[in-house]
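Scroll down for the structure; my scribbles are underneath it.
The values are calculated or read from the model by the stated rules, or taken from the named source; none is laboratory data. Everything numeric in this text was worked out from a predicted model, so none of it was measured. Using ideal geometry, Cβ is built from the backbone for each residue, glycine included, and neighbour counts are taken over all protein chains shown. Calculation scope for accessible area: heavy atoms of the full protein, side chains included, ligands and nucleic acids excluded. Shrake-Rupley method; radii C 1.70, N 1.55, O 1.52, S 1.80 Å.
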Amino acid sequence: MFERLFSPIRIRDMELENRVVMTGMGTRMVGGDGREVTDRLIRYHVERARGGVGLNTVEVCSVDAASAPKGFLALSDDKYIPGMKKLADAVHEAGGKICPQLWQGSLAVGSDPDAEILVASKMRLSRKVSIKGMSKERIHSIVKAYGEAARRAAQAGMDAVEFHAAHTYLPHVFLSGGINHRTDEYGGSFENRCRFPLECIRAIRQNIPEGMPLFMRIVCHDDYLENGLTEGEVIEFCKLAGREGVDVLNISRGNFLTRAQIYEIPPIDLPKGINVGPASRIRKETGMLTMPSGRINTPGFAEEILEEDKADLIAMSRAQLADPYFCKKAKEGKLAQINYCVGCDQGCYDYFINPEKDHISCMRNPAVGEEEELKV
């Protein structure tokens, strides 16, 4: 049953048992200095690995110490390697594979008043508040930080790494003409806007083993953003990224400067598979392994996308929140036993904007983050 979905795939030296990927989702299951792996986070990932998901993606991990907000994981210092290794070892013991997202969050780090906010060019937040654009020296330091974070991920025994270049995070901020208004070699023309993210990709690739896959999360285009990224520009950038060593394109959508933020975690009133069409075009024109995200929450729908040759992997993340054994149940044909994600966004997104929430949760599964406490 679902033969395409549960067929293996090899990416460089990493072989996945199936095509299902749990993409990165913030959990707030951090400890120590507010950026470290906890046993709670490990149990959360181990449960999904036991459930048969092909690849667990760890949530965003800050690459730069000065701009690393509390509440999010970090790979900005060697002190974070032991915790990451403990996480990787536990997932491997459970039979899974694991991949961290390398991240510099730009405006998103503002949740922590002590974290440095970095933007490509001067950005006015209000009539009285504006943020200066980054100096070239700071740009170079962030590029180096991506490389160092990638090295730490490899030392921790991670199976792959992902470069997060979407959702108004710093690489997206540089890449989009609707946000980047620099007038030097890092802004203006499309070629110049590509410079910073491509330098980051080179730094990552140079600091990981040749056989270690590199994923990249990127938007398919910019919605509601004047002079924003077009699908054609994204395709051209992905071609350049592929030449620099990116292996898999994780196609997402949305930015939090406009109402397009709704597309980042699509709720119930948006169509299922909103990124499948654009991802299919990007895949065809780049020739790269491609993975669409966006409300793909049943094995039948995922199988249909693969059968129609529109993708190589399928992002099914909230499906793993609602039911960590989604994959095993689907593979065994126990479809009536699956707790399906309904796209309510009640716990997987609301936790992010509600400081009273301890961690990510799910209306369909009260055991998210409480895997040990609510074990049956």
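For region 85-216, the C-alpha radius of gyration sits at 1.16 times the compact-globule guess of 2.2 N^0.38 Å, with N the residue count.
So, for region 1-138, what is the accessible surface per residue at a probe of 1.4 Å, expressed in square angstrom? It would help to have the intermediate numbers written out before the result.
Numbers: 5760 Å² over 138 residues.
So region 1-138 comes to 42 Å² accessible per residue, rounded to a whole number.
Counting Lys and Arg as +1 and Asp and Glu as -1 over every other residue whose Cβ lies under 12 Å from the Cβ of PRO209, the net charge comes to 0. On full extension, the segment bounded by THR230 and ASP39 gains 64.6 nm, given 0.36 nm per residue less the C-alpha separation. Dividing the radius of gyration of the alpha carbons in the chain by their Kirkwood radius gives 0.94 for Rg/Rh.
Count charges around VAL219 for me, please; just the other residues with Cβ under 13 Å from its Cβ, Lys/Arg as +1, Asp/Glu as -1.
Values: positive: ARG217, ARG253; negative: ASP222, ASP223, GLU231, GLU233, GLU264.
So the surrounding residues net to -3.
Given region 1-57, what whole percent of its Cα pairs are spread farther than 20 Å? Could you put the intermediate results ahead of the total?
Numbers: 598 of 1596 pairs.
It works out to 37 percent of all Cα pairs.
Each other residue within a Cβ distance under 10 Å of TRP103 adds +1 if Lys or Arg and -1 if Asp or Glu, for a net charge of -2. Among VAL173, VAL342, VAL63, the residue with the largest mean-square fluctuation in a Gaussian network model of the chain, with springs joining Cα atoms closer than 10 Å, is VAL342. For region 28-115, compute Rh as the Kirkwood radius over C-alpha pairs and then the Stokes-Einstein diffusion coefficient at 37 °C and 0.692 mPa s; write the answer in µm²/s, rounded to an integer. My calculation gives 250 µm²/s for D.
With the full set of protein chains in place, find how many percent of the accessible area of region 106-189 is carbon and sulfur; take the probe as 1.4 Å.
50 percent
Taking a ≥ b ≥ c as the square roots of the eigenvalues of the Cα gyration tensor of region 216-354, is the shape rounded (a/c under 1.5), prolate (a/b larger than b/c) or oblate? Taking the square roots of the gyration eigenvalues as a ≥ b ≥ c, region 216-354 is oblate. Ranking of PHE6, PHE190 by solvent-accessible surface, largest first: PHE190, PHE6 (1.4 Å probe, protein heavy atoms only, all chains present). Here the simple spin-label model places points 7 Å from the Cα toward Cβ, and for GLU137 and GLU332 these points are separated by 6.0 nm.
With contacts taken as Cα pairs under 8 Å at a separation of at least 6 residues, the chain carries a relative contact order of 17 percent.
Within the same chain, lysines fewer than 8 places from LYS375 are excluded, and of the rest, those with a Cα less than 22 Å from its Cα are LYS86, LYS328, LYS329, LYS334, LYS357. Once you've got the GNM for the chain with C-alpha springs shorter than 10 Å, pick whichever of ASN354, ASN255, ASN192 has the biggest mean-square fluctuation. Result for the chain, Cα springs under 10 Å: ASN354 fluctuates most.
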